[in-house]
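The values are calculated or read from the model by the stated rules, or taken from the named source; none is laboratory data. Because the structure is a prediction, the values reported are computed rather than measured. Quick reminder, even Gly has a Cβ in these numbers, built from the backbone with ideal geometry, and neighbours come from all protein chains shown.
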Amino acid sequence: MEVARAVTDAAVKNVSDGDLTIRWREVLAGEKSFKTSGEWLPEATLDTVKSHGIALKGPLTTPVGGGIRSLNVTLRQRLDLYASVRPVRYFQGVPSPVKNPQKVNIVIFRENTEDVYKGIEWSQGSNEAAELASFLEDRMGVKLPPGSGIGIKPISEAASKRLVRAAFNYALKKGLGSVTLVHKGNIMKFTEGAFRNWGYEVAFEEFSGTVISESEMTKLGLKAVPSGRILVNDRIADNMFQQILTRPEEFSVLATPNLNGDYLADACAAQVGGLGVAPGANIGDEVAVFEAVHGSAPKYAGKDVANPCSLILSSAMMLEHLGLAEATKAIEKAVAETFSENILTQDLARMSSVPVVAAGTREFGDEIIRRLA
Ligand code: NAP
């Protein structure tokens, strides 16, 4: 976070000739907050983010299988940050596990408030699970295996439609060629399948002059999307995982329910160097929170070895949201130049085919700042 802030400050200063500065205000959540106030997510933190309308957030730890509920999920729900936006692109010079990482230029729009993020579940053996199991058996004719934990996966029309709408608006604004609805609707017809159907409704009802479907393309015998149109298509999630590897260049924007998007975003990020280089934002109508896509990486935290790029590029997204697109471009250019000169943090240096001395977190940040000047 310290490095990301320094890069952001330098970019804003440089593009405005020193006229603009960001006045950062730190508000606490997670361990640091718990240690000082006994609260994991103070109301004052939420209020401040709400009143400012914007935040840059560091990763927060969530225990698996028990303990506190995810603060990230709580933040997204309480602030109604319904779209998780993750642009994944390749920077020349970054070692990658695939042959043609430059073909990946995909933005994932993931629904951020429901599906598994609703967190509705009861543990096996609990009274609630027993009661629900009886209800399902007696009233719905569904018998669950004994000893089942039970989770509920709600996907609503309103939340699906606003997410898909945001994806189309983004594609329009950025001049991108396609929006692909990703779902597992062949198996879960009324949640995942409904997401797909609602997505097409948004496309055809709200963007009718702008979109063209795959079937229309086939009917008209078109090989390429006509200029000014956005292709709307859909893919079943498992096939989508194949296609981001076999033909990534055919996809621009993916609109997904929560869980599929979570997996896909990391799978796409892996192709361009991993979680350390992919930025993210959680965007609602009133508030936007920008954050690294990775978690707190406990084995690296505080050791000056973590790759700061994900947070730096998230901060660059934040600057664009604030109307400072020039500063965004300056950061992206400086990051690209740093990578192209083979300056890499340890996560990337270890993937390099030629020996590279890994830069520390601060050193890497300084290299970016030097290229901003
Ligand atoms: P993680 O913190 O994202 O780390 C997973 C792996 O990704 C690391 O072991 C490391 O891979 C690589 N990595 C992540 N950040 C990196 C960085 N900045 N530089 C270089 N490599 C990086 O995921 P996790 O270990 O599954 O989760 C740890 C905690 O973070 C959990 O409590 C989880 O709930 C939380 N989390 C928070 C957020 C969030 O705040 N938005 C998101 C995801 C997870 P190698 O081991 O291969 O080096």
When Pro97 is evaluated against the numbered criteria (1) surrounded by 15 or more Cβ atoms within 10 Å (Cβ to Cβ); (2) farther than 15 Å from Leu264 by Cα, which criterion, by number, is the only one it fails?
(1)
Scanning region 291-308 for residues that are near the ligand (Cβ under 9 Å from one of its atoms) and touching a helix residue (DSSP H, G or I) at 6+ places or on another chain (Cβ under 6 Å) gives Glu291, Ala292, Val293, His294, Val305, Ala306, Asn307, Pro308
For region 347-373, name all the residues that are within 15 Å of the ligand (Cβ to nearest atom) and within 18 Å of Ala4 (Cβ to Cβ).
Asp347, Leu348, Ala359, Gly360, Thr361, Arg362, Glu363, Phe364, Gly365, Ile368
With respect to Leu172, is the statement that it is among the aliphatic types (A, V, I, L, M), more than 20 Å from Gly228 (Cβ to Cβ) and modelled with pLDDT of 95 or more true?
no
Output for region 310-328, where each listed residue is more than 8 Å from the ligand (Cβ to nearest atom), assigned to a helix (DSSP H, G or I) and of a type outside the set (A, V, I, L, M)
Ser314, Ser315, Glu320, His321, Glu326, Thr328
For residues in region 238-295 being of a type in the set (Phe, Trp, Tyr) and in a helix (DSSP H, G or I), which is surrounded by the most Cβ atoms within 10 Å (Cβ to Cβ)?
Phe241
Looking at region 278-302, I want the residues that are farther than 19 Å from Val164 by Cβ and in contact (Cβ under 8 Å) with a residue 40 or more places away in the chain and have a partner that is assigned to a loop (DSSP other than H, G, I, E, B) and of a type in the set (S, T, N, Q) with Cβ atoms under 6 Å, at least 6 apart or on another chain. Which pairs are those?
Ser296/Thr61
Elements of type helices (runs of 4 or more DSSP H) in region 1-111, at least 1 residues being among the acidic types (Asp, Glu) and under 30 Å from Ile343 (Cβ atoms):
2-15
Look through region 267-290, keep the residues that are near the ligand (Cβ under 10 Å from one of its atoms), at pLDDT 95 or above and of a type outside the set (A, V, I, L, M, F, W, C), and return whichever of them is farthest from Ala55 (Cα to Cα).
Gly280
